[in-house]
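Here is the structure we will look at.
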Amino acid sequence: MRARRDAGLAQIIRSARVVTADGAGILWALRLRGQRLPARVTGIDLAQALAQRAAESGYSIFLLGAGPGVAQAAADALTRRYPALRIAGCWGGSPSPRDDAEVTARIRASGARLTLVAYGAPAQELWIARNLPALPGVVAIGVGGALDMLDGRIPRAPRWMRATGLEWLFRLWRQPWRWRRMLALPQFALLASAAAAHEWLTRRPDTGILAMRDPTKAARAQDTSETRASNRASNRT
């Protein structure tokens, strides 16, 4: 939802090599439009799958983000589960641009091939977009609150709630401060329904209702608006 009004974030998402469907709402919206994905790919599931692959392939990983001590505790949990896994480093750090140089220096010095970034959205996406060019040969992917779950500080929802798309309700119960984020859910449901209805009625793909903001089009629209305003001013003179 944020990418609909944030052209910079929209561009980052469009340019990402991999984009996963973390929320149950994405699967629901796609089903409304006659499309299906096999399943959600949550941050913790992705982190565990990547850790397993890294252990099997001999790649080392760097855990970045979360609160003090969380990354190390998550590393301990992963190595207990995958004994062959090599953890190149752990660092809480900060998503602030002023800390970018220190963090990227740590990752480069570690020799890690994969960095799991747990700053939460959209901070982790912004961090990756800013810093990946300074990390040649490194794959970076955002995993949200996965490190906190691996650490055990935040429990996962029961399997039946995850299977029925109700994990958001469990997380809201455990973390009431998330209620502000949840306000976007009714708006998303309305927009997804409108987009599906538009496609069904017109037999054409929706390109506006749920579309993320295109920075190129936004810039062109602004230029056009400024040109028109300039022309009007010239006509008046």
Residues that are closer than 14 Å to G67 by Cβ and assigned to a helix (DSSP H, G or I), drawn from segment 124-164: A146, L147, D148, M149, L150, D151
Filtered residues of segment 1-12 (kept if of a type in the set (V, I, T) and surrounded by fewer than 16 Cβ atoms within 10 Å (Cβ to Cβ)): none
For segment 25-44, name all the residues that are part of a loop (DSSP other than H, G, I, E, B) and not basic (K, R). G34, Q35, L37, P38, A39, V41, T42
Regarding W127, is this residue of a type outside the set (D, E), crowded, with 20+ Cβ neighbours inside 10 Å and either in contact (Cβ under 8 Å) with a residue 40 or more places away in the chain or in contact with a strand residue (DSSP E or B) (Cβ under 7 Å, 6 or more places away or on another chain) (or both)? yes
State the number of residues belonging to segment 9-24 that are in a helix (DSSP H, G or I) and either free of Cβ contacts under 8 Å to residues at least 24 places away in the same chain or closer than 24 Å to M182 by Cβ (or both). 5
Filter segment 37-46 for residues that are of a type outside the set (A, V, I, L, M) and at pLDDT 85 or above; which is nearest to L63 (Cα to Cα)? G43
Among the residues that make up segment 173-183, is at least one of them outside any loop (DSSP other than H, G, I, E, B), surrounded by 14 or more Cβ atoms within 10 Å (Cβ to Cβ), modelled with pLDDT of 60 or more and not aromatic (F, W, Y)? yes
Mind counting the residues in segment 97-122 that are of a type in the set (G, A, S), on the phi < 0 side of the Ramachandran plot and modelled with pLDDT under 95? 1
Cross-chain or 6+ apart pairs with Cβ under 8 Å, segment 142-166 first and farther than 18 Å from R178 by Cβ and assigned by TED's automatic domain parsing to the domain that holds R17, then of a type in the set (A, V, I, L, M) and in a loop (DSSP other than H, G, I, E, B): none
State all residues of segment 96-113 that are surrounded by fewer than 20 Cβ atoms within 10 Å (Cβ to Cβ) and either touching a Ser or Thr at 6+ places or on another chain (Cβ under 8 Å) or not in a helix (DSSP H, G or I) (or both); if no residue qualifies, say none. S96, S110, G111, R113
Answer with yes or no whether L63 is touching a Cys at 6+ places or on another chain (Cβ under 7 Å), within 25 Å of R14 (Cα to Cα) and among the hydrophobic types (A, V, I, L, M, F, W, C). yes
Applying the selection to segment 33-70, what residues are farther than 30 Å from G93 by Cα and buried (at least 16 other Cβ atoms within 10 Å of the Cβ)? R33
Any chance segment 184-199 includes a residue that's surrounded by fewer than 17 Cβ atoms within 10 Å (Cβ to Cβ) and in contact with a helix residue (DSSP H, G or I) (Cβ under 6 Å, 6 or more places away or on another chain)? no
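The values are calculated or read from the model by the stated rules, or taken from the named source; none is laboratory data. Only a predicted model underlies this, so the values are computations on that prediction, with no experimental measurement involved. Every residue, glycine among them, receives a Cβ derived from its backbone with ideal geometry; neighbour counts consider all protein chains shown.
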